[in-house]
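Some notes on the structure that comes next.
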Amino acid sequence: MVHLTFLGSGDSQGVPRWWCDCEVCTEARTTGANRRVRPAVLLEWTGARVLLDAPPELRERLVAHDVRSLDAVFLTHSHNDHVGGIVDLYDFVRWTGAPLRVRVPFRSHAMLLERYPWLPARMAIDRLDGPVEHAGARFAPFEVPHGANGFAYAYRIEVEGRRMVYMPDSLDVPDALVDEHLVDLDLLVPGTSFWEERAERSLRSVLDVQEALRLTARVRPRRTIFTHLGHGVDRRRALPDGHEFAFDGMVVEP
């Protein structure tokens, strides 16, 4: 049985923003439906447990879910909301002596080690130049445009007969990538930081919900769960059938 746990479902600043009094941030401080930390997911299947991304709140989220071991970590890119918790993983290896492979797609690999040159002293930081097998699952990284923030990576994951794509940071994904990686999916997890973003295109870096809905209308995954949600998204809003907003702690069977 495959389980996917959303350890965090927020965007790069989380919700509520500490300085913001908008409707979504206000709700997050009260009833809490929109309270969320930076994004990461835990993927578990028979005999394996893999983390995708390591946000700054990683220690807190692993404690909350009583996670005490990991088999591997796959990172999407080197921005702080996705790797700020790498120090917690380093300390895990340091204090427990447990082996832990951290796999990073090739362009992000160099950027990660530029930020954290001391990681390889205790951790295996593998550069991914293509798909890799792990415990019977296939992880295929592919580079996606990240708008004003350059590039990021997504993963197409095939495990125990299930096919999913985790794509938390992307904008204007080329048709060729869509046709190659976003087809025949049981689950698509795209990042949508806004309900409808009105900022100048050159300043943007992530899909909004409306753009993501147009994408899913084209590729027709069996299920879509939006993550990387900023304070422009109220997850209490209705979505079309087959679409959901992630929330911290959400567990699904892809």
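No value in this document is a laboratory result; all are computed from the given coordinates. This one's a predicted model, so the numbers in the text were calculated from it and none came from an experiment. Note that we place each Cβ from the backbone using ideal geometry, even for glycine, and neighbour counts take in every protein chain shown.
Counting DSSP beta bridges in the range 99-215, what percent are antiparallel, to the nearest 5?
Restricted to the range 99-215, the bridges split so that about 60 percent are antiparallel.
Rounded to the nearest 0.05, what FRET efficiency do TRP118 and LEU203 have when you use their Cβ-Cβ distance and R0 = 35 Å?
Computed FRET efficiency for TRP118 and LEU203 comes out at 0.55.
Express in nm, to one decimal, how much length is gained between CYS22 and ALA148 on full extension, taking 0.36 nm for each residue of separation and deducting their alpha carbon distance.
42.9 nm
In the range 1-62, which chymotrypsin sites (Phe, Trp or Tyr not before Pro) fall in coil by DSSP and have 15 or fewer other Cβ atoms within 10 Å?
Listed in order of number, the matching sites are TRP18, TRP19.
What does the charge count near MET1 come to, summing +1 for each Lys or Arg and -1 for each Asp or Glu among other residues with Cβ under 15 Å from its Cβ?
Value of the local net charge: -2.
So how do ARG35, ARG222 line up by other beta-carbon neighbours within 10 Å, fewest first? Mind dumping the intermediate values first?
Numbers: ARG35 19, ARG222 14.
So the ranking, lowest neighbour count to highest, is ARG222, ARG35.
Let me spell out the model: positive unit charges on the Cβ of Lys and Arg, negative unit charges on the Cβ of Asp and Glu, origin at the Cα centre of the range 3-252. What dipole size does that give, in debye rounded to 20? The partial results should precede the final answer.
Working: 31 positive and 36 negative charges, 78 e Å.
The calculated dipole for the range 3-252 is roughly 380 debye.
Could you check the simple spin-label distance between ARG29 and ARG101, using points 7 Å along Cα→Cβ, in nm with one decimal?
Distance between label points: 4.6 nm.
With both partners inside the range 3-252, how many of the DSSP beta bridges are antiparallel, as a percent to the nearest 5?
So the antiparallel bridges in the range 3-252 amount to around 55 percent.
Looking at the range 3-252, I'd like the Rg to Rh ratio, where Rg is from alpha-carbon atoms and Rh is Kirkwood's inverse mean 1/r.
Ratio of gyration radius to Kirkwood radius: 0.94.
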